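Before any comments, here is the structure.
The values are calculated or read from the model by the stated rules, or taken from the named source; none is laboratory data. Please read these numbers as outputs of a predicted model, since none were measured by experiment. Ideal geometry is used to build each Cβ from the backbone, glycine not excepted, and the neighbour counts take in all protein chains shown. The area values use the complete protein model at the heavy-atom level, side chains included, leaving out ligands, DNA and RNA. Shrake-Rupley method; radii C 1.70, N 1.55, O 1.52, S 1.80 Å.
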Amino acid sequence: MQRTETPWGPWEPAALSEVVRLFSAARVPWWIAGGHAIELAVGHSFRGHDDIDVLLLRRDQLAAQQMLPDWEWWAADPPGTLRPWRAGECLPPSVHDIWCRPGPARPWRIQVMLDEAEGDEWISRRHRGVRRPLRLAGARSATGVPYLAPEIQLFYKAYGTGEKDERDFAAALPVLGGEQRRWLARSLHVAYGDHPWHDRLGR
C-alpha cells in the first residue's frame, strides 16, 4: 500500500476492491475516477497511485455519507483548506473534493469528487460548455466496476498535465473510439484552446 505524507495527515489509498465493496450498495450513479479509471478502461494496471477517487454527481453528494457512515468526511474548501463535512450538509459549488478516512488517527483512504449535472446530462465543473450525456459518462469493467469514461477523465487530466497525466493519455489513446476522440478534441478546444494533445487525437 502506497503511503504519502500531506500537511493534513498521511494518505494510504484504499484498494480498488475495498472501494467497490463500500459503494456497491449506492442507489445513485458513481464511478471510479482518476488514474484508476484510466487503468480500468485500458484493462490493466501500469503505474502506482497516491490516492483513489470516487466521482459522484453533486446532486447525489450525501450518498458518500451514507456509504461511509462511520468514517470522517472533510471538505476541501478552496484555496487549500480542509474542514469537517457535517452530516446532512450540502456542499456549495465551490467545493468538489472530499477526503475520507475511517477515523481521526487513521490515514486518508478515499477521495470523493463532485461533478455537476442537469437532467440527464453531465457538465464539467471546469467549463459549463463541456457536456456529455450521463449514459456516456461512464462504463463498466469486465468485472462490473463502474468507472468514469476515459475521454472525460483525460479532459480533466489535460489541465496542467504532468508526467503521470501524459502517461495516462498515451495508455488510453489506443482504446478511444472515433467519437470519443472527437468529443475530447472539441472539449479541449472549448475549455483550453490549443492543446498539445490535439494532433495526437486526430490521428
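Some notes on this structure:
- On Cα atoms only, tilt of 163-172 relative to the major axis of the chain in degrees: 60 degrees
- In sequence order, segment 72-78 has phi-based couplings of 8, 10, 10, 8, 8, 7, x Hz under the Karplus curve 6.51 cos²θ - 1.76 cosθ + 1.60, θ = phi - 60°, and Gly or Pro positions carry x.
- Amide H contacts under 5 Å for Ala26, placed H, 5+ residues apart: none
- Extension gain, Arg182 back to Ala15 (0.36 nm per residue minus Cα-Cα distance, nm): 56.8 nm
- In the chain, the DSSP-assigned H stretches of four residues or longer account for a calculated mean residue ellipticity at 222 nm of -8000 deg cm²/dmol, using -39500 (n - 2.57) per stretch and the full residue count as denominator.
- For Asp77 and Cys90, the difference between the fully extended length at 0.36 nm per residue and the C-alpha to C-alpha distance is 3.4 nm.
- Pairwise inverse Cα distances across the chain, averaged and inverted, put the Kirkwood hydrodynamic radius at 17.5 Å.
- Across the chain, the mean sequence separation of Cα contacts (distance under 8 Å, 6 or more residues apart), normalised by length, yields a relative contact order of 20 percent.
- Computed label-point distance, nm, for sites Glu118 and Thr6 using a 7 Å Cα→Cβ extension: 3.1 nm
- Exposed-site-free run, longest, the chain (rule: chymotrypsin sites (Phe, Trp or Tyr not before Pro); DSSP loop; at most 15 other C-beta within 10 Å): 47-158
- Sulfur and carbon atoms: percent of accessible area, segment 97-182 [1.4 Å]: 49 percent
- Check: segment 143-195 dipole with +1 on Lys, Arg Cβ and -1 on Asp, Glu Cβ, in debye: 100 debye
- Within segment 1-96, the GluC sites (Glu not before Pro) that combine a DSSP coil assignment with at most 10 other C-beta atoms in a 10 angstrom radius are Glu5.
- Taking trypsin sites (Lys or Arg not before Pro) across segment 1-102, the ones in a DSSP loop with at most 15 further Cβ atoms lying within 10 angstrom of their Cβ are Arg3, Arg27, Arg47, Arg86.
- Isotropic mean projected area of the C-alpha convex hull, segment 3-60 (nm²): 4.9 nm²
- Placing Glu116, Glu163 in order of accessible area, with the largest value first and a 1.4 Å probe, yields Glu163, Glu116.
- Loop-resident sites, segment 117-177, for trypsin sites (Lys or Arg not before Pro), counting at most 12 other Cβ within 10 Å (DSSP): Arg128
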